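Q: Below you will find the structure I want to go over with you.
All of the numbers you see were taken from the coordinates with simple rules; none came from a lab. From a predicted model like this one, the values you see are computed outputs, not experimental measurements. FYI the Cβ positions are ideal-geometry reconstructions off the backbone, even for glycines, and counts take in every protein chain you see.
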Amino acid sequence: MTSVDTFEPPSADVRRGSDFGRLTKELKDAGLLGRRYGYYALRNAGNVLALLAGGAAFAYLGESWWQMFVAAFLALVFTQFAFMGHDAGHRQIFRSHTRNDVVGYLNGAVTGISYQWWVGKHNRHHANPNTEDHDPDIEIPALAFSREQAVDKTGVNRWITKRQAYLFFPLLTLEAVLLRISGFQSAWKREIKRPVLEAVLLTVPTAAMVTALFLVLSPLQAVAFMVVHQAIMGVYLGCSFAPNHKGMPILTAEDRLDHLRKQVLTSRDIVGGRWVDGLFGGLNYQIEHHLYPHMPRANLRRAQPIVEDFCARHDIRYVKCNIRTSYAQVLSHLHDAGAELRAADAR
């Protein structure tokens with residue numbers, strides 16, 4: 001894997017936007033840029049049925065510690081709703097912005113994650129993946145994705161960064177809660193479109209869920225349910241996003257790459273069959289998704305070999321691996337990023 005410290009961008013003679021146009025034509029000729037209304041109708045219906053099944057199980061079990069299994073199940077279901085909100089935010093489902101937004105708002109209400117806040121943040125990431133000072137996904141106070149980022153850490157963040165490879169998965173248990181908080185803050189500060197609508201959609205379903213927990217369960221069980229639910233959801237979300245770019249080359253503002261190379265060189269695909277596609281919500285085809293954010297999730301699997309073959313023909317490095325290897329690369333990269341801090345403490 002290319003080290004972020006030794007990454008050298010392609011020379012100017014290969015930065016040709018026309019390459020992306022030729023790839024787009026190949027995918028269009030394969031019929032992969034069209035809508036998949038039937039697929040998304042089934043996906044949405046499946047998510048709703050799973051949510052209703054979880055609610056039925058909750059009502060049936062009543063005051064019981066077996067409810068922790070329901071909490072875990074609903075964490076997985078909520079994450080699938082988050083994937084659907086992601087697709088709506090990228091306009092993958094409908095041609096109409098309004099219809100996509102309706103789906104996005106409804107899925108945000110289920111997950112407790114602000115739709116408009118997330119869209120704004122995620123669009124900045126897509127425009128500049130793994131780019132210092134431009135990609136919000138690598139500007140995280142407690143983590144460093146390069147040795148240069150690590151040396152600027154202070155206090156508790158510095159302590160965490162030195163051990164971030166070991167703390168990475170435990171820290172993910174907080175991810176869902178932090179996403180909720182960020183969304184609430186954005187709505188409160190009116191930093192997003194329709195802040196009142198977002199505030200209502202984030203507050204009412206959450207309040208209803210918390211009320212139901214304390215009405216049906218004992219106080220201790222209710223708190224445990226919330227902890228299990230949010231922790232598993234956070235880990236699931238984090239594990240779905242982390243392998244996509246972490247450990248891949250980090251760019252600076254001086255790196256001048258065309259869209260095709262910027263997206264391919266900073267992303268990796270996760271392979272492993274259709275069960276992996278379902279588990280990751282299609283995000284395992286990160287290269288294809290970043291090249292064509294509007295492409296429906298169901299088409300990414302067929303697009304992958306076309307994109308990989310195109311990259312091979314044009315001498316563009318294309319990275320794919322299995323789940324285990326991807327996490328090993330992520331953790332190895334995080335461990336390396338904190339190396340200088342550990343060395344400084346040893347001196």
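Q: State which stretch of the chain is the longest one without any exposed chymotrypsin sites (Phe, Trp or Tyr not before Pro), exposure meaning a DSSP loop state and at most 14 other Cβ atoms within 10 Å.
A: Free of exposed loop sites, the longest segment is 67-347.
Q: Let me ask you something else. Between the alpha-carbon centers of segment 329-347 and segment 80-110, tell me the distance in whole angstrom.
A: 39 Å
Q: Taking the Cβ of Asp137 as the center, what net charge do the other residues with Cβ under 13 Å away carry, scoring Lys and Arg +1 and Asp and Glu -1?
A: Counting the neighbours of Asp137, the net charge comes to -2.
Q: Rg(Cα) of segment 148-306 divided by 2.2 N^0.38 Å? Each step should come with its number before you reach the end.
A: Numbers: Rg = 19.5 Å, N = 159, 2.2 N^0.38 = 15.1 Å.
Dividing the Cα radius of gyration by 2.2 N^0.38 Å gives 1.29.
Q: Please sort by residue number the trypsin sites (Lys or Arg not before Pro) in segment 186-271 whose DSSP state is loop and whose Cβ has at most 14 other Cβ atoms within 10 Å. Spell out each step's value before the answer.
A: Working: sites: Lys189, Arg190, Lys193, Lys246, Arg256, Arg261, Lys262, Arg268; in loops: Lys189, Arg190, Lys193, Lys246, Arg256, Arg268.
Loop-located and lightly packed - Lys189, Arg190, Lys193, Arg256.
Q: Right, another one. Over every pair of different alpha-carbon atoms in segment 41-167, take the mean of 1/r and invert it; report that Kirkwood radius in Å.
A: Details: mean 1/r = 0.0577 Å⁻¹.
17.3 Å is the Kirkwood radius here.
Q: Further question: Return the long-range amide H neighbours of Thr131 (sequence gap of 5 or more, or a different chain), with a cut-off of under 5 Å between placed amide H atoms.
A: Leu251
Q: Using the Kyte-Doolittle scale, find the helices of the chain whose mean hydropathy is at least 0.0 and whose Cα atoms extend 30 Å or more along the helix's long axis, counting only whole DSSP H runs.
A: Values: long enough: 37-61 (36 Å, 0.81); 67-89 (32 Å, 1.20); 195-216 (32 Å, 1.96); 219-245 (40 Å, 0.93).
Going by DSSP H runs, the hits are 37-61, 67-89, 195-216, 219-245.
Q: Pick out, from Trp188, Asn123, Pro170, the residue whose Cα sits farthest towards the positive end of the charge dipole of segment 12-346, with +1 on the Cβ of Lys and Arg and -1 on the Cβ of Asp and Glu.
A: About the Cα centre, the residue reaching furthest to the positive side is Asn123.
Q: Okay, moving on. Could you pull out the pairs from Lys121/Lys193; Lys162/Lys320; Lys162/Lys246; Lys28/Lys320 whose alpha carbons sit more than 20 Å apart here?
A: The answer is Lys162/Lys320; Lys28/Lys320.
Q: Please list the radius of gyration and Dmax for segment 248-347, considering alpha-carbon atoms only, with Å as the unit.
A: 16.0, 53
Q: Considering only DSSP states other than H, G, I, E and B, which GluC sites (Glu not before Pro) in segment 104-190 qualify as loop sites with at most 14 other Cβ atoms within 10 Å?
A: Numbers: sites: Glu132, Glu139, Glu148, Glu175; in loops: Glu132, Glu139.
Sites meeting the loop and neighbour criteria: Glu139.
Q: Once every DSSP H run of n ≥ 4 in the chain is given -39500 (n - 2.57) and the sum is divided by its residues, what mean residue ellipticity at 222 nm do you get, rounded to the nearest 500 deg cm²/dmol? Don't skip to the answer; put the middle values down first.
A: On the way: 17 runs with 232 residues, N = 347.
Estimated from H runs of four or more residues: -21500 deg cm²/dmol.
Q: Here is a further query. Above 25 angstrom, tally the Cα pairs of the chain and express them as a % of all pairs, no decimals. Display every interim value, and only then the final one.
A: Numbers: 33817 of 60031 pairs.
Considering the chain, 56 percent of its Cα-Cα pairs are separated by more than 25 Å.
Q: Under 5 Å between amide hydrogens, which residues at least 5 positions from Asn322 or on another chain qualify, with H placed 1.01 Å from N in the peptide plane?
A: HN-HN under 5 Å from Asn322: Val271.
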